[in-house]
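Student: Take a look at the following structure, please.
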Amino acid sequence: MTGSKVASLREYCRSTDRSFLTFEYRGLLEDCYNTVLSDWVSDALSVLDNCFPESTTGCAAPAQNNPLAQPTPILVGSSMGAWIALHVAIQRRVAGIVCVAAAVDFTVDLEEELQEASPDKFGFYRRPTEYSTEPYP
């Protein structure tokens, strides 16, 4: 990831001798029409569980076999990443959470739209997007 927020945070962590982990959610750089929010939450939980196993057990000591592991992470997310971080923080023990432009109330804006829409044969609601000729689920 090369965005300015990630680059700034990476440099801060480097300069203060802190661990830093970033990852791109599957499907974001490709066709993501078959990926939904719960998939990305699951991906984030998998990354957290593998890199910070203590977040699931409540243990205070870093894992012996993982040099990157810290007792508990501080989650940082921007936009959709912030929304996902909130979901992860509900399910795992974290030291803190920083959300930038989380838009946690975006579902309220979608409520009226969904009330007027009908789901497709798979149960998905699809809406137009400027990024594709196909509607977004």
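Student: Spin-label point model (7 Å from Cα, Cβ direction): what's the residue 134 to residue 22 distance in nm?
Tutor: Here the modelled spin labels are 2.9 nm apart.
Student: Using the per-residue mean of other Cβ atoms lying within 10 Å as a proxy for protection, in what order, highest first, do the peptides 75-81, 121-127 fall?
Tutor: Working: 75-81: 19.3, 121-127: 10.7.
By packing density, highest mean first, the sequence is 75-81, 121-127.
Student: Compute the FRET efficiency between residue 10 and residue 127 as 1/(1 + (r/R0)^6), taking r as their Cβ-Cβ distance and R0 = 30 Å, and round to the nearest 0.05.
Tutor: 0.30
Student: Using a 1.4 angstrom probe on the protein heavy atoms only, line up 17, 43 by accessible area, largest first.
Tutor: Putting 17, 43 in descending order of accessible area: 17, 43.
The values are calculated or read from the model by the stated rules, or taken from the named source; none is laboratory data. In this text, all values refer to a predicted model and were calculated from it rather than measured experimentally. We place every Cβ from the backbone using ideal geometry, glycine too, and count neighbours over all the protein chains shown. All accessible areas refer to the heavy atoms of the entire protein, side chains included, with ligands and DNA or RNA removed. Shrake-Rupley method; radii C 1.70, N 1.55, O 1.52, S 1.80 Å.
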